[in-house]
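Q: Take a look at this one; I'll ask things after.
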Amino acid sequence: MSVETLEPEAMDPKLLTEVERQEAVLAELPEDYEFPLFDGRQAIESQRKSAYKNTARAAREIIDNAFEAGAKDVWVVFKRPTEQERAKHERRDAVSAVAFIDDGPGMMKDMARYALAWGGGTHFDDPTGIGRFGFGLPNSSINQTRRVEVYTRTGAKQPWTRAVLDINNVKQHGLVTVPPEEEVSELPAFVTEYMKKNRITLKSGTIVVWEKPDKLSARSASTLRGQMLDDFGVVYRYMLDDFRLVVDGVAVQKVDPLFLMEDARYYKSEKDGGPWCKFDKQLIVKYHKDEETGSQHLELLLSGPEVQAARQDPKAVVDVISIKVAGFPYGFAAESIRTGYDDQGEEVRKHFSKDSDENKRLQIRKKRRGMSFVRAKREIDTLDVFPTLISDKANDMGDWPVLQSYALHWGIEVRFGPKLDEVFGIGNDKQTVSPIEDFWRILAKAEVDKAVQAEEKNQRGMRKKDEEKRARKEVENPDQPNPATDAAAAADAVLGDNQPLPEERATEAKKDFEKAVDEKVKETGKPRDVVEEALQEEAQRKKYAIKFFNSEGGVFYKPGFGNGLQRVAWINTDHPFFKVFYTEISKCGSPRARQVVDLLLLALAKAELQTEGVNKLFYENHREAHWSTFLKLGLTILEDLQQGDPSEQQEEL
């Protein structure tokens, strides 16, 4: 059945067979159709869906072109609609056009028209610069708008010419061409106004205008400006010494996502609580292709003779890859940090303001968690997925951590030149990287993965130390009773458990009391009777206590008398019981879980302190030789198993 014989209701594409669809499409083509490789408006509409994540990323393409052409200044200008132009409910701060003004050499006749065509670049045979493929201007522009205008001139005495690509004027089918350029006597009014206000005179230059952009990632000028300032500051951080970039009147400042650049925003020196860089190396590599199979190979060159031999190979590329691994102290990049507990036992956090350096750093790290790739001084992308499978490790690609737990608090930077584009799989939009497997093997051979694992371990250690300090602070405050110790004292009162200590234990308690008095007298210089009275009052307020000691290889806890009048459960902070278990339950939103554990330890301590003779030896032997050893081994194994399971890891901010 031909398309012509189909009933109108049967023309629904969902009801057509594949052959019928083909007949319908061919019937729409004009008689003189020449079957171009790039077909009409439909092809351009499809191309509009290029994977630029936001407007700032698309705008990079225009800025790249300006810098590549030799511009020293680039201004990004937003047009706000006038009262007459503003649509109903449209904000005064809405963006109705975006202009990119540069003071480069400009473009000669027909070059602007050519530049608006896909592939119409001048650097295809030059691998040393930022761009090569000639896709940037048209690709990024139509991604954001349906009409792009390019104004340019090569000298002060030359007229401005304008080339236009307007999707709305492209025929549905057929050859797509860019209309001829035309001379213009005036630039767009908002561009002229900005240049006049900022005293900008262009003897030569290029102005790219996105008219009525319909795909901006932010409609308000203030939000769009913020997005661009943040993005450009990071992407062009190594280039901003060579040219000036201004967005909506605000100069772009350098932003280093590792916060190691002294002249960049949010920097702080290591001695003042800033980041550290314990791995900073340059790797000399050789890249070549197998002519028969087309397979790619990257080798690490470790000696002078290896480098010289590689340079003699006409089919190989020898270049340098620079690697940095940086770590940040606790609270350096954060929305808030834990500071302790209040009187009700609730966790207290110090919150940083939205505009604080700490919060700003965190927002940067959230967008660039992992490995940052910088090509020819310009950042390309950040990878947050490393080869972490068992098969990857078996194939010598390294032992990398899963980016969950502390990846916001450390980062990696990889810098390389355009000669290695094939190694890193650089796309024509310069937005993505896809390194070959040998790249990871090179990093593993240079022990970059070990440096990353060491920093990951260091971050875990810092957090654990913080948790240990908080746990100690909470329960060692003599003026802040622990609900668990209060509960233990109340249980004694209800049970009427006031039996005297066995003689052996009473003697031990008396010695502890005398020792505590001597130490307090020496520390405070107060009279002995005053100190004795103070310790007795403290014991009345807090009959039971949780305290800490450290003993590598020692028991997980031990009972004691504290100042001689208290029943104390001493917890060993060097034992896995404290490191793996006790500090973890201290992180819970409610302190109840830790208090239950405290009460259990106090019950054990009380029972042991009521014994003497053979029973005392029994308790000590089991606590030292059996319980503590078993717990140490079991908890150590448990922690190793959990660290190897990504599902057990929680993201720390």
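Just so it is clear, none of the values below were taken in a lab; they were calculated from the coordinates. None of the values given here were measured: they were computed from a predicted structure. All Cβ positions, glycine included, derive from the backbone under ideal geometry; neighbour counts span all protein chains shown.
Q: Only bridges whose two residues both fall in the chain count here: according to DSSP, what percent of them are antiparallel, nearest 5?
A: If I count the DSSP bridges inside the chain, around 80 percent turn out antiparallel.
Q: How high is the FRET efficiency from Lys445 to Asp492, r the C-beta distance, R0 60 Å, rounded to 0.05?
A: Taking R0 as 60 Å, the efficiency between Lys445 and Asp492 is 0.40.
Q: To continue, here is another question. Report the FRET efficiency, 1/(1 + (r/R0)^6), for Glu519 and Cys277, where r is their Cβ-Cβ distance and R0 is 51 Å, rounded to 0.05.
A: 0.70
Q: Can you classify segment 270-454 as rounded, prolate or oblate using the Cα gyration tensor, where a ≥ b ≥ c are the square roots of its eigenvalues, rounded means a/c under 1.5, and otherwise it's prolate if a/b beats b/c and oblate if not?
A: Prolate.
Q: Output the peptides 303-316, 152-165 sorted from most to least packed, where packing is the average of other Cβ atoms within 10 Å over each peptide's residues.
A: Taking the mean over residues of other Cβ atoms within 10 Å, the ranking is 152-165, 303-316.
Q: Arrange the peptides 441-452, 355-366 so that the one whose residues have, on average, the most other Cβ atoms within 10 Å appears first.
A: Sorting 441-452, 355-366 by mean packing, highest first, produces 441-452, 355-366.
Q: Given the peptides 386-399, 455-468, arrange them by the average over their residues of other C-beta atoms within 10 Å, most packed first.
A: The most tightly packed comes first, giving 455-468, 386-399.
Q: Here's another thing I want to ask about it. Using the 10 angstrom Cβ neighbour count as an exposure proxy, how do Asp103, Asp512 rank, fewest first?
A: In increasing order of surrounding Cβ atoms, one gets Asp512, Asp103.
Q: On alpha carbon coordinates alone, what is the Rg over Rh value for segment 210-354, Rh being the Kirkwood radius?
A: 1.14
Q: Over 22 Å between C-alpha atoms is what I'm after, so list which of Lys510/Lys606; Lys254/Lys360; Lys520/Lys542; Lys526/Lys606; Lys72/Lys354 land there.
A: The answer is Lys526/Lys606; Lys72/Lys354.
Q: Can you list the lysines whose alpha carbon is less than 21 Å from that of Lys315, not counting same-chain residues fewer than 8 positions off?
A: Lys315 reaches Lys286, Lys289, Lys419.
Q: Could you pull out the pairs from Lys79/Lys215; Lys469/Lys632; Lys281/Lys445 whose alpha carbons sit more than 18 Å apart here?
A: Lys469/Lys632
Q: Measure out, as a whole number of angstrom, how far apart the alpha-carbon centroids of segment 271-305 and segment 57-92 sit.
A: So the two Cα centres are separated by 39 Å.
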